[in-house]
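A.B. asks: Pasting in a structure now, in structure tokens, and then I'll have a few things to ask.
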Amino acid sequence: MNKDVKISINGVAYEKSVPLRMLLVDFIRDEAGLTGTHIGCTYEGRCGTCTVQMDGEAVKSCMLLAVQADGREIATVEGLASNGRLHPLQEAFNEHHALQCGFCTPGILMNTEEFLKENPDPSEAEIRRSLVGNICRCTGYDHIIDAIQTAAKRLRQA
């Protein structure tokens, strides 16, 4: 059984008929063709690689059905940059070598972008707590935390 949905992703409206059980992450990747949102833990919601924002709130898209996003605004990592310029988080991750394989990075960026809106001047401990739902198996997190601190400072100054 299918349902018609209209989902806005990074400001682009997608109108599709989708199976009722289709996950939002699959809609983003397969229907919208946006592959920056990753699937890492086989749809268990543990790793955070599929994190996107729904109406400005970070959510794990492998834990939501596409029909739950009907009429909602989704932001993915592809939407962070604007006017050909990287988001300050993306710039800081690059500068601080805060990624190695990069698989977890889109989810961390989307989670952190929302976190910094709520807490523009976080402590290291607060940053570490905010990353609990995002697993990185490569970096050890130190460079990620440095990048987030740099991005937070730049966003406060902007």
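The values are calculated or read from the model by the stated rules, or taken from the named source; none is laboratory data. Here the structure is a predicted model, which is why all the values come from computation and not from measurement. Glycine gets a Cβ as well: all are built from the backbone with ideal geometry, and neighbour counts include every protein chain shown.
A.B. asks: Which pairs have Cβ atoms under 9 Å, sit 6 or more apart or on different chains, and link a residue in region 13-29 that is polar (S, T, N, Q) to one that is surrounded by fewer than 21 Cβ atoms within 10 Å (Cβ to Cβ)?
C.D. replies: Short answer, once both residue conditions are applied: Ser17/Asn2; Ser17/Lys3; Ser17/Asp4.
A.B. asks: Being surrounded by 13 or more Cβ atoms within 10 Å (Cβ to Cβ) and either free of Cβ contacts under 8 Å to residues at least 12 places away in the same chain or assigned to a loop (DSSP other than H, G, I, E, B) (or both) is the filter here, so list the residues in region 103-125 that pass it.
C.D. replies: Across region 103-125, the qualifying residues are Phe103, Cys104, Asn119, Pro122.
A.B. asks: Something else about it: Quick one: which strands (runs of 3 or more DSSP E) lie wholly within region 4-82 and hold at least 3 residues that are more than 27 Å from Cys136 (Cα to Cα), outside the structural domain of Ile108 (by TED's automatic domain parsing) and not acidic (Asp, Glu)?
C.D. replies: The strands (runs of 3 or more DSSP E) meeting that bar are 12-19.
A.B. asks: Follow-up. Take region 132-158 and flag every residue that is touching a residue at least 40 places away in the same chain (Cβ under 8 Å) and not in a helix (DSSP H, G or I).
C.D. replies: Gly133, Asn134, Ile135, Thr139, Ala158
A.B. asks: Which of the residues spanning region 16-44 are small (Gly, Ala, Ser) and either at pLDDT 95 or above or more than 16 Å from Pro106 (Cβ to Cβ) (or both)?
C.D. replies: Ser17, Ala32, Gly33, Gly36
A.B. asks: Same structure again: Could you check region 61-106 and list, in sequence order, the residues that are in contact with a strand residue (DSSP E or B) (Cβ under 6 Å, 6 or more places away or on another chain) and among the basic types (Lys, Arg)?
C.D. replies: Arg72
A.B. asks: I want to confirm something. Restricting to region 120-144 and keeping residues that are over 17 Å from the mean Cα position of the chain (by Cα) and of a type in the set (S, T, N, Q), which single residue is modelled with the lowest pLDDT?
C.D. replies: Thr139
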